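The values are calculated or read from the model by the stated rules, or taken from the named source; none is laboratory data. None of these values were measured; they are calculated from a predicted model. Cβ placement follows ideal geometry from the backbone for every residue including glycine, while neighbour counts extend to all protein chains displayed.
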Amino acid sequence: MGEINVRFLGSGDAFGNGGRFQTCIYVRSDAMHFLIDCGASSLVAMKHFEVNPSLIDIILITHLHGDHFGGLPFFILDAQHISRREKPLIVAGPPGLEDRTNQAMEVLYPGTSQTQRGFALEFVELTGEHSTMVGPLVVTPYEVVHPSGAPSYALRVECAGKVVAYSGDTEWTDILTQVAQGADLFVCECNFFEGSPGNHLDYLTLLDHRAELECGRLVLTHMGDEMLRRIQSLDIEGAEDGKSFVL
C-alpha cells in the first residue's frame, strides 16, 4: 500500500459559480491514474493544470448530467486526434452511459461516435450497491436522490488500500452514511447553504448529519455562490480547483 493523491481539477457546479471548472476529481497512485466525473469543462481543466489526459486509465461517472459526464466526448476526441492514445481506456458509470455518450458525440460532432479509434474504449455499467472490479479499483455505487434520466450514484472507490468516497449530486439520503463510513476521504456536494429546493444538499442539513458520517476527512464541493462566500468561515473545509489531498 502506498500514498494516493486526490486533486480537484474541477470543483464547481453546473453554472460556473466562482469561475470554477465543473466536476473532475483526479486520483493517482503509483500504479493507477483515474478520474471521478468528467464535466463538460474537464479537458480544459486538465490542460490548465498540466495533467496529461493520456495518463488516465479509468474514468468513473456518477450520473448523466452534463457537468459530470459532458466532458467525455472531448476527452475521447482528444485521445483520438491529439494525444494519439494507444493504451485502453475504461469508462464506468450508470446504465445507459455508453448510449448517452454516443448520443452526445453525435450531437456535438456528427459521425464521431462510429469513427475507428487507435485505442480500445470499454464501457462498464455499475449496478447499485454491487462492488465491481474496474481495472484494479473496487467500485461500489449507491443510488442517491438526483433525477438524471438514469440512476444517479454516490461512489466508494478502493485504491491502493485507501477508500475515496464521493456523494455525487443528491439531496440528503441515509445511504450517504454507508458511502462515507470508514472512508479516508469523503467528498460531498453542498450546493446550498440552507433550504435546498431538492436534489442537492445544503450545509445546514449536512451539519445536522455530520456525526453520522464516520469518515476520515470530509471535503465539500459543487458549491453555489452563497456557499463559496461562506466556506472560509465554516467548520467543514471546501474543495478548490487545483487543490490536492494526500491519503
From G18, G39, G93, residue being under 18 Å from G242 (Cα atoms) and either crowded, with 23+ Cβ neighbours inside 10 Å or without any contact (Cβ under 8 Å) to a residue 12 or more places away in the chain (or both)
G39
Looking only at residues in region 125-140 that are in contact with an Asp or Glu (Cβ under 7 Å, 6 or more places away or on another chain) and outside any strand (DSSP E or B), which one is surrounded by the most Cβ atoms within 10 Å (Cβ to Cβ)?
G135
Counting only residues that are over 20 Å from L220 (Cα atoms) and modelled with pLDDT of 95 or more, give me the helices (runs of 4 or more DSSP H) lying completely in region 6-84 with at least 2 of them.
42-48, 72-81
When you go through E189, E122, E171 one by one, which is the residue that is farther than 24 Å from N17 by Cβ, without any contact (Cβ under 8 Å) to a residue 40 or more places away in the chain and either within 17 Å of the chain's Cα centre (by Cα) or surrounded by fewer than 18 Cβ atoms within 10 Å (Cβ to Cβ) (or both)?
E122
Subset tally (residues that are surrounded by 15 or more Cβ atoms within 10 Å (Cβ to Cβ) and closer than 18 Å to V6 by Cα) for region 141-167
13
From the residues in region 97-118 that are touching a strand residue (DSSP E or B) at 6+ places or on another chain (Cβ under 8 Å) and either modelled with pLDDT under 95 or not hydroxyl-bearing (S, T, Y) (or both), which one is surrounded by the fewest Cβ atoms within 10 Å (Cβ to Cβ)?
E98
Among the residues of region 195-224, count how many are in a loop (DSSP other than H, G, I, E, B) and either surrounded by 15 or more Cβ atoms within 10 Å (Cβ to Cβ) or touching a Phe, Trp or Tyr at 6+ places or on another chain (Cβ under 7 Å) (or both).
10
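Under 17 Å from Y26 (Cα atoms) and of a type in the set (A, V, I, L, M, F, W, C), is that true of V144?
The answer is no for V144.
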Tell me, yes or no, whether region 176-194 has at least one residue that is within 19 Å of H63 (Cα to Cα), touching a Lys or Arg at 6+ places or on another chain (Cβ under 8 Å), among the aliphatic types (A, V, I, L, M) and modelled with pLDDT of 95 or more.
yes
